[in-house]
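Only the coordinates and a few stated rules stand behind these numbers; no lab work does. The structure presented is a predicted model; accordingly, all values stated were derived computationally and were not measured. Positions of Cβ are generated from backbone atoms using ideal geometry, with glycine treated the same way; all protein chains shown enter the neighbour counts.
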Amino acid sequence: MFEQTFAAELASRIGSRVEVATDNNLLEGILATVTDELVLVIDISSGYGQNNKLYVSLSAINYVRFLGAA
């Protein structure tokens with residue numbers, strides 16, 4: 001039940017800059033897509049015009065921080 005609420009809240013913030021923490025990673029980028037099972041974050045920090053797509057299982061996320069515009 002919590003995952004559905006979490007996914008709905010994330011889906012309402014698509015396009016926001018986020019920091020996503022899992023047990024093994026700390027990802028930063030733009031929240032692009034949210035489904036019932038996966039979150040897609042576009043990593044824009046890699047530079048040189050190359051954006052990496054980072055898929056994260058919703059159940060693996062420890063927290064999401066929404067970052068202000070820089």
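Quick look at the values:
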{"item": "Cα-based helix-to-principal-axis angle, 2-11 vs the chain, degrees rounded to 10", "result": "40 degrees"}
{"item": "Net charge of Cβ neighbours under 10 Å - reference Leu67; Lys, Arg +1; Asp, Glu -1", "result": "0"}
{"item": "Net charge of neighbours whose Cβ lies under 15 Å from the Cβ of Ser57, counting Lys and Arg as +1 and Asp and Glu as -1", "result": "-3"}
{"item": "Per-selection Rg to Rh, the chain - Cα, Kirkwood hydrodynamic radius", "result": "0.95"}
{"item": "Loop GluC sites (Glu not before Pro), the chain (other Cβ atoms within 10 Å of the site Cβ: 15 or fewer; DSSP)", "result": "Glu37"}
{"item": "Assigned charges on the beta-carbon of Lys, Arg, Asp, Glu; the chain dipole about Cα centre (debye)", "result": "240 debye"}
